[in-house]
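Heads up, the thing below is written out as structure tokens.
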Amino acid sequence: MKAIVIGGGIGGTTAALSLLRRGIDVEVHEQARQLTEIGAGVQLGPDATRVLIRLGLGEQLARLGVLPRRVDLIDLRSDRRFYSVPVGPEATARYGAPYYQLHRPDLLDILVSALPTQVLHLGERAESFTQDADGVSVRFASGHETRGDLLLGADGIHSGCARSCWARSSRTSPASSRGGR
């Protein structure tokens, strides 16, 4: 089986690593020519860190992540704390995995460095895809085409994959012929 992942960010690379661990061949196609993550930080709850630890990334997370003792929600006008959650050792013991705060580019670097080099293809903007009984083909702006058994769209909030899927489903669904969704 072969999976094609469109999007080389945190979601796409995590999905690719998960699929690889299951013995599925994977290609990750990212439109950017180089991977750079924007944003200051990310908070990873125990459910997320448990997945990353199972993928063999626990040492890197422990080295680069921060283990806060608690998360406080404070009203900035009154300086009043209205909610506090312990996320230190108590949360690790309770949920079976730590709560980390991590610099986004560090998390992306951890994920990308765990991928085999031949899996990640940069500068590949997906333009269209077609699906038939045997799988899916993806065509890129460069003219390159690839074929696999499944397509996973992890190309962000303005996903071309999702937009294309919704356009297809509205053309072919019985509800679209009745004017519904």
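Just to be sure, is residue 61 under 20 Å from residue 101 (Cβ atoms), open to solvent by less than 30 Å² (accessible area, probe 1.4 Å) and in contact with a Lys or Arg (Cβ under 8 Å, 6 or more places away or on another chain)? Here the answer is no, as residue 61 does not meet what is asked. Selection of strands (runs of 3 or more DSSP E) fully inside region 69-131 by the criterion of at least 3 residues being under 30 Å from residue 150 (Cα atoms) and open to solvent by 30 Å² or more (accessible area, probe 1.4 Å) returns 120-122. Can you name every residue in region 18-47 that is open to solvent by 60 Å² or more (accessible area, probe 1.4 Å) and assigned to a helix (DSSP H, G or I)? Selection gives 21, 47.
The values are calculated or read from the model by the stated rules, or taken from the named source; none is laboratory data. From a predicted model like this one, the values you see are computed outputs, not experimental measurements. Please note: Cβ atoms are built from the backbone with ideal geometry, for glycine as well, and neighbour counts cover all protein chains shown. We work out accessible area using only protein heavy atoms, side chains counted, and drop any ligands, DNA or RNA first. Shrake-Rupley method; radii C 1.70, N 1.55, O 1.52, S 1.80 Å.
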